[in-house]
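The values are calculated or read from the model by the stated rules, or taken from the named source; none is laboratory data. Here the structure is a predicted model, which is why all the values come from computation and not from measurement. Methodologically, a virtual Cβ is constructed for each residue, glycine included, from the backbone with ideal geometry; neighbour enumeration extends over all protein chains shown.
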């Protein structure tokens with residue numbers, strides 16, 4: 001989709017960059033686009049998140065920042081593409097709830113792939129919309145519990 005350079009800033013305890021509008025428009029069909037990000041030889045699958053002011057934000061995992069040797073206030077060049085791997089993104093309702101809770105987004109980003117897959121299968125196997133909503137609520141509860149443990153530890 002594109003390569004861009006941006007200045008890293010803090011969003012809570014996480015580091016992030018804003019995705020330029022020209023690249024963000026490529027993801028217009030997604031609320032939380034699943035992407036593959038490359039920087040300094042490191043690669044990471046993640047999701048972009050909407051900014052309150054409009055546009056999209058990319059939260060930078062430590063391995064990407066460390067591969068380039070940058071932190072808050074520094075510029076980083078990243079390459080970003082739509083992630084079409086079999087690891088499906090979390091449902092929009094789960095991502096919205098995670099963003100709203102303290103430490104929720106970080107918790108989702110750090111979920112082990114096996115647990116993430118179990119959560120997605122749990123939600124995806126619901127046969128009715130009512131069951132799907134209940135299962136999404138349960139997944140959000142589990143993320144809240146993990147986030148609370150992270151804040152305590």
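A compact table of results
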quantity	calculated
All strands (runs of 3 or more DSSP E) inside the range 1-46 with 2 or more residues being touching a strand residue (DSSP E or B) at 6+ places or on another chain (Cβ under 8 Å) and farther than 30 Å from residue 147 by Cα	2-7
Scan of the range 3-54 for residues that are in contact (Cβ under 8 Å) with a residue 24 or more places away in the chain and on the phi > 0 side of the Ramachandran plot, ordered by number	12, 40, 41
Residue check, residue 134 more than 18 Å from residue 31 (Cα to Cα), assigned to a helix (DSSP H, G or I) and either within 15 Å of the chain's Cα centre (by Cα) or at pLDDT 95 or above (or both)	yes
Failed item in (1) in contact with a strand residue (DSSP E or B) (Cβ under 6 Å, 6 or more places away or on another chain); (2) part of a strand (DSSP E or B); (3) surrounded by fewer than 18 Cβ atoms within 10 Å (Cβ to Cβ), with residue 67 passing the rest	(2)
Positions within the range 16-48 being in contact with a helix residue (DSSP H, G or I) (Cβ under 6 Å, 6 or more places away or on another chain), closer than 17 Å to residue 98 by Cα and crowded, with 20+ Cβ neighbours inside 10 Å, in sequence order	32, 33
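Let's see how each residue does on (1) out of contact with any helix residue (DSSP H, G or I) (no Cβ under 9 Å at 6 or more places or on another chain); (2) modelled with pLDDT under 90; (3) part of a loop (DSSP other than H, G, I, E, B):
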site	(1), (2), (3)
71	no, no, yes
80	no, no, no
94	no, no, no
99	no, yes, no
102	no, yes, yes
105	no, yes, no
123	no, no, no
130	yes, no, no
